[in-house]
Amino acid sequence: LTLTACGGGSDPLANNKATGQPAPTDTIIVGSADFTESQLLAEIYAQALQKKGVKVDKKLGIGSREVYFPGLKDGSIDLVPEYTGTVLQYLNKSATETSSEDVYAALKKTLPPELTVLDKAAAEDKDAVVVTKATADKYNAKDIGDLAAHGSEITFGGPPEFQQRPDGIPGLKSRYNLTFKDYKSLAPGAITTKALLDGTIQAADIFTTDASIEANGFVVLGDSKNNFAAQNVVPVINTKKASDTVKQVLNSIAAKLDTKTLLDLNGKLGAPDKPDPSKVAADWLASAGI
């Protein structure tokens with residue numbers, strides 16, 4: 001499931017990105033990455049703010065962090081749901097923090113002054129190396145390191161940027177001496193799941209809250225060398241737009257969003273009727289009393 005901003009178009013930031021034009025001062029432009037969980041979280045933020053009378057515009061499904069983060073920096077968008085560990089490493093490729101609190105503290109110090117983070121949620125969605133049960137059994141693999149002796153037999157699948165990110169292919173090589181036979185660039189979600197099931201790939205980068213893991217009996221391999229840092233959900237926002245009302249709303253969301261809730265919400269997004277993230281977000285906000 002992929003969504004674009006209202007009005008369609010392949011690049012939701014096309015108009016602003018070309019000029020670096022800041023968002024209107026009276027509006028918070030909420031952006032998201034191009035996978036469903038990010039779009040869901042952006043909908044939760046946007047709808048909760050609207051309920052408090054904040055003027056909001058949405059630009060969803062922008063792309064990877066490498067695509068949308070420049071928009072945050074130049075003020076073309078104001079607010080994006082993020083993950084502490086990965087955005088820290090995006091900003092500081094030499095970051096070594098791995099625990100939830102250490103990563104969060106480092107992120108607050110690393111962000112440019114025009115951006116800030118509000119409260120992190122307990123909800124955590126980490127990148128993980130995932131295999132089918134058959135592959136796990138074949139290699140007696142419980143940890144990522146167990147694949148090191150068999151890398152020449154394994155094609156790995158993941159988003160294009162995973163090939164360059166410090167905790168992606170470079171991290172797996174440096175920490176686990178793991179080199180794969182081949183790499184397939186795949187969109188997150190159904191395409192990656194299908195490739196893993198039909199054997200096009202034998203291992204994949206899949207988020208730990210992806211409903212496909214439980215639905216297909218996939219195995220999440222352990223990360224004994226902490227290649228993947230803590231990745232708590234956190235709002236990154238334009239500092240100038242972080243009013244007391246905005247802080248209160250977003251922090252109230254963080255207080256009620258844990259990993260089990262995120263798993264449940266992702267399960268609803270993956271239901272056969274494929275509900276729109278906006279509806280799943282509205283239902284959750286109502287049930288959470290936000």
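The values are calculated or read from the model by the stated rules, or taken from the named source; none is laboratory data. Here the structure is a predicted model, which means the values were calculated and not measured. For neighbour counting, all protein chains shown are included, and Cβ atoms are generated from backbone atoms with ideal geometry for every residue, glycine included. Protein only, heavy atoms only, side chains kept; ligands, DNA and RNA dropped before computing areas. Shrake-Rupley method; radii C 1.70, N 1.55, O 1.52, S 1.80 Å.
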Log entry: pair-distance distribution for the chain, C-alpha pairs binned every 10 Å from zero, whole % per bin is 6, 29, 35, 22, 7, 1
Taking every other residue with Cβ under 14 Å from the Cβ of residue 148 and scoring Lys and Arg +1, Asp and Glu -1, one gets +1
To the nearest Å², the heavy-atom accessible area per residue of region 83-211 with 1.4 Å probe amounts to 45
Rounded to the nearest 500, the 222 nm mean residue ellipticity computed for the chain from DSSP H runs (n ≥ 4, each -39500 (n - 2.57)) alone is -11500 deg cm²/dmol
For residue 69, the accessible surface traced by a 1.4 Å probe with all protein chains present amounts, in square angstrom to the nearest 10, to 0
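How much length would be gained if the chain were fully extended between residue 282 and residue 179, taking 0.36 nm per residue of separation minus their Cα-Cα distance, in nm to one decimal?
Full-extension gain reported as 32.7 nm.
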A 1.4 Å probe over the protein heavy atoms gives the chain a carbon and sulfur accessible-area percentage of 51
Relative contact order in percent for region 78-235 (Cα pairs under 8 Å, 6+ apart) equals 41
Computed on Cα atoms only, the convex hull of region 244-290 has an orientation-averaged projected area in nm² of 3.4
Computed from the beta carbon distance with a Förster radius of 30 Å, FRET efficiency for residue 99 and residue 187 to the nearest 0.05 stands at 0.45
The relative contact order of the chain, taking Cα pairs under 8 Å that sit 6 or more residues apart, comes to a percentage of 25
